Amino acid sequence: MKFFLASAMLAATASAFTTTPSTRSVARSVGEAKFAPVSVRSAGTQLEAAKQVPHGGSLVDLILKTDEEKAAAVAKCTKELQLSPRQLCDVELIMNGGFSPLTGFMDEETYKHVVDNVALPDGLIFGLPVVFDTDDEDLQPGDIVLLKDGDRDIATIEFTDKYTPNKAYECKECYGTSEIEHPGSLMVATERGKYYMGGKITGLNLPIRDFPCRTPAEVRETLPDDVDVVAFQCRNPVHRAHYELFTRALDDPLVGTDGVVLVHPTCGPTQADDIPGVVRYKTYEVLKEETHNDRTRWEYLPYSMHMAGPREAIQHMMIRKNFGCTHFIIGRDMAGSKSSVTGEDYYGAYDAQDFAKAKGPELGVTPVPSLNLVYTDEEGYVTADEAKEKNLSEKKLSGTKFRKMLRGGEDIPEWFAFKSVVKVLRENV
């Protein structure tokens with residue numbers, strides 16, 4: 001059934017969406033008028049430990065605090081479901097406030113509004129839909145279900161509605177294409193179930209992971225309340241150029257004096273050929289020790305990547321706002337992807353930056369464009385423009401070449417990668 005759907009999506013794409021890599025929804029949304037202001041709707045606490053106000057005004061916390069409350073919530077359930085890795089990430093971010101102001105999975109009205117408008121029905125900006133998918137014909141609105149990760153109780157969900165999404169349309173709007181050569185479209189077509197269901201979440205326990213994922217409230221308590229906090233998102237090991245990029249971001253004129261960087265990698269499911277999350281976590285930990293810096297903080301995010309380019313840039317900015325960040329570094333082709341058939345990029349190099357700049361004021365997060373850094377024999381890392389102006393000798397090493405050298409046991413140049421990171425990769429990949 002799912003592969004039939006994928007074929008149908010290809011047919012729809014051929015007739016309805018064969019244009020440029022930049023998304024239709026992005027082009028439309030940037031030109032739209034601003035929505036009306038949104039009041040605080042979610043039960044939670046506006047934390048003062050960080051400078052940034054949570055998205056929607058208050059930070060959601062759906063996790064029950066006592067064993068008695070948890071037992072009572074479980075007693076109401078009539079069914080159990082095992083969460084997929086992607087669902088587990090979504091449930092965690094709903095119940096800990098990472099997806100504030102959401103208090104559950106999106107119903108059909110909310111889902112459609114986010115797909116069409118990059119916003120919730122009341123106008124609050126929201127990058128991508130957050131949906132509970134299933135193939136279960138027996139699940140119905142009104143069911144209260146215990147959601148589990150193995151033997152561990154994670155949450156309960158009270159389903160409010162059940163609907164059949166137009167997946168081809170969802171992909172065109174959110175990813176810019178419904179071609180299954182796009183990893184996000186492939187995920188929607190072949191991994192997600194036939195139905196989506198809206199439902200209110202009640203949190204029981206956070207998942208036990210190989211890497212510690214502190215909640216937004218916990219992270220906020222560690223952040224200064226009087227300086228800017230610049231978030232850096234990555235889904236790969238941090239190499240020298242990345243490190244130079246996020247440390248130099250503190251010198252950007254958009255960032256205030258004495259700002260700090262929150263390095264906040266995603267450790268959930270991502271593209272099939274990316275390095276597994278637990279291995280990435282190990283590289284981050286050794287690098288954190290090697291480059292100890294009071295202006296750099298490290299935390300980990302249980303988020304599953306969609307590779308949705310501009311729309312995902314907004315989603316990342318919104319999540320980091322809930323974690324207390326005021327600024328967000330937008331790299332070239334952020335959350336971008338290539339066709340698995342042609343190798344062509346689905347998004348332009350600056351589509352995510354342009355969309356983030358357009359939506360930043362409405363979102364309340366300042367995008368910081370990443371520097372285009374290159375390594376030179378004469379002066380180390382400089383901007384590409386500076387290297388060209390001074391006629392400096394650039395050194396380059398592609399990701400493909402790096403992986404080949406890694407597998408072959410060849411020496412990796414220290415200008416490209418940290419020795420500690422290379423050691424971890426050799427031992428685990």
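Residues that are assigned by TED's automatic domain parsing to the domain that holds residue 117 and touching a helix residue (DSSP H, G or I) at 6+ places or on another chain (Cβ under 6 Å): find the helices (runs of 4 or more DSSP H) completely inside the range 357-429 holding 3 or more of those. First the steps, then the outcome.
Numbers: elements: 384-390, 399-408, 419-428.
Once the helices (runs of 4 or more DSSP H) in the range 357-429 are filtered for at least 3 residues that are assigned by TED's automatic domain parsing to the domain that holds residue 117 and touching a helix residue (DSSP H, G or I) at 6+ places or on another chain (Cβ under 6 Å), nothing remains.
Suppose we filter the range 158-201 for residues that are out of contact with any Ser or Thr (no Cβ under 9 Å at 6 or more places or on another chain) and over 20 Å from residue 146 (Cα atoms); how many remain?
Qualifying residue count, the range 158-201: 5.
Pick from the range 336-354 the residues that are closer than 17 Å to residue 233 by Cβ and assigned to a helix (DSSP H, G or I): which of them is nearest to the chain's Cα centre (by Cα)?
Checked the range 336-354; the qualifying residue nearest to the chain's Cα centre (by Cα) is 352.
Residues of the range 122-165 being within 24 Å of residue 101 (Cα to Cα), in a loop (DSSP other than H, G, I, E, B) and more than 26 Å from the chain's Cα centre (by Cα), which ones?
Matches in the range 122-165: 141, 142, 143.
Looking only at the range 228-266, filter to residues that are touching an Asp or Glu at 6+ places or on another chain (Cβ under 9 Å) and hydrophobic (A, V, I, L, M, F, W, C); which one of those is nearest to residue 383 (Cα to Cα)?
First, pick out the residues of the range 228-266 that are touching an Asp or Glu at 6+ places or on another chain (Cβ under 9 Å): 228, 230, 235-236, 240, 250, 254-260, 262-265.
This time we only want the ones that are hydrophobic (A, V, I, L, M, F, W, C), so: 230, 250, 254-255, 260, 262-263.
On the way: 230: 20, 250: 16, 254: 18, 255: 19, 260: 22, 262: 22, 263: 21 Å.
Checking each candidate, the answer is 250.
Go through the range 240-267 and give me each residue that's hydroxyl-bearing (Ser, Thr, Tyr) and closer than 17 Å to residue 50 by Cα. Working first, answer last.
Of the range 240-267, the ones hydroxyl-bearing (Ser, Thr, Tyr) are 243, 247, 257, 266.
Across the range 240-267, the qualifying residue is only 257.
In the range 260-316, how many are under 10 Å from the mean Cα position of the chain (by Cα) and among the aromatic types (Phe, Trp, Tyr)?
1
For the structure I just gave you, tell me whether residue 178 is surrounded by 22 or more Cβ atoms within 10 Å (Cβ to Cβ) and within 18 Å of the chain's Cα centre (by Cα).
Numbers: surrounded by 22 or more Cβ atoms within 10 Å (Cβ to Cβ): yes; within 18 Å of the chain's Cα centre (by Cα): no.
So residue 178 fails the test.
Looking only at the range 87-137, how many residues end up being among the acidic types (Asp, Glu) and out of contact with any strand residue (DSSP E or B) (no Cβ under 9 Å at 6 or more places or on another chain)?
Residues of the range 87-137 among the acidic types (Asp, Glu): 90, 92, 107-109, 116, 122, 133, 135-137.
Now narrow it down to the ones that are out of contact with any strand residue (DSSP E or B) (no Cβ under 9 Å at 6 or more places or on another chain): 116, 122.
Number of matching residues: 2.
Please find, among 238, 219, 263, the residue that is under 28 Å from residue 60 (Cβ atoms) and either in contact (Cβ under 8 Å) with a residue 60 or more places away in the chain or aromatic (Phe, Trp, Tyr) (or both). Quick ask: steps written out before the conclusion?
Numbers: 238 fails: under 28 Å from residue 60 (Cβ atoms); 263 fails: either in contact (Cβ under 8 Å) with a residue 60 or more places away in the chain or aromatic (Phe, Trp, Tyr) (or both).
Result of the check over 238, 219, 263: 219.
Residue by residue, here is whether (1) farther than 17 Å from residue 268 by Cβ; (2) among the acidic types (Asp, Glu) holds:
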{"site": "284", "(1), (2)": "no, no"}
{"site": "299", "(1), (2)": "no, yes"}
{"site": "304", "(1), (2)": "no, no"}
{"site": "309", "(1), (2)": "yes, no"}
{"site": "312", "(1), (2)": "no, yes"}
{"site": "332", "(1), (2)": "yes, no"}
{"site": "336", "(1), (2)": "yes, no"}
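Taking interchain pairs and intrachain pairs at least six residues apart, which have beta carbon atoms under 8 angstrom, with the first residue in the range 381-400 and under 21 Å from residue 247 (Cβ atoms) and the second among the small types (Gly, Ala, Ser)?
Correct list of pairs: 381/241; 394/387.
Do you know which of the residues in the range 68-120 that are hydroxyl-bearing (Ser, Thr, Tyr) and surrounded by fewer than 18 Cβ atoms within 10 Å (Cβ to Cβ) is farthest from residue 183 (Cα to Cα)?
Pass one, the range 68-120, residues hydroxyl-bearing (Ser, Thr, Tyr): 78, 84, 100, 103, 110-111.
Subset that is surrounded by fewer than 18 Cβ atoms within 10 Å (Cβ to Cβ): 78, 84.
Values: 78: 35, 84: 17 Å.
Out of the qualifying residues, it is 78.
Can you tell me which residue is surrounded by the fewest Cβ atoms within 10 Å (Cβ to Cβ) among those in the range 367-392 that are within 34 Å of the chain's Cα centre (by Cα) and among the polar types (S, T, N, Q)?
383
The values are calculated or read from the model by the stated rules, or taken from the named source; none is laboratory data. Just so it is clear, the model here is predicted, and its values are computed rather than measured. Note: ideal-geometry Cβ built from the backbone for every residue, glycine included; neighbour counts use all protein chains shown.
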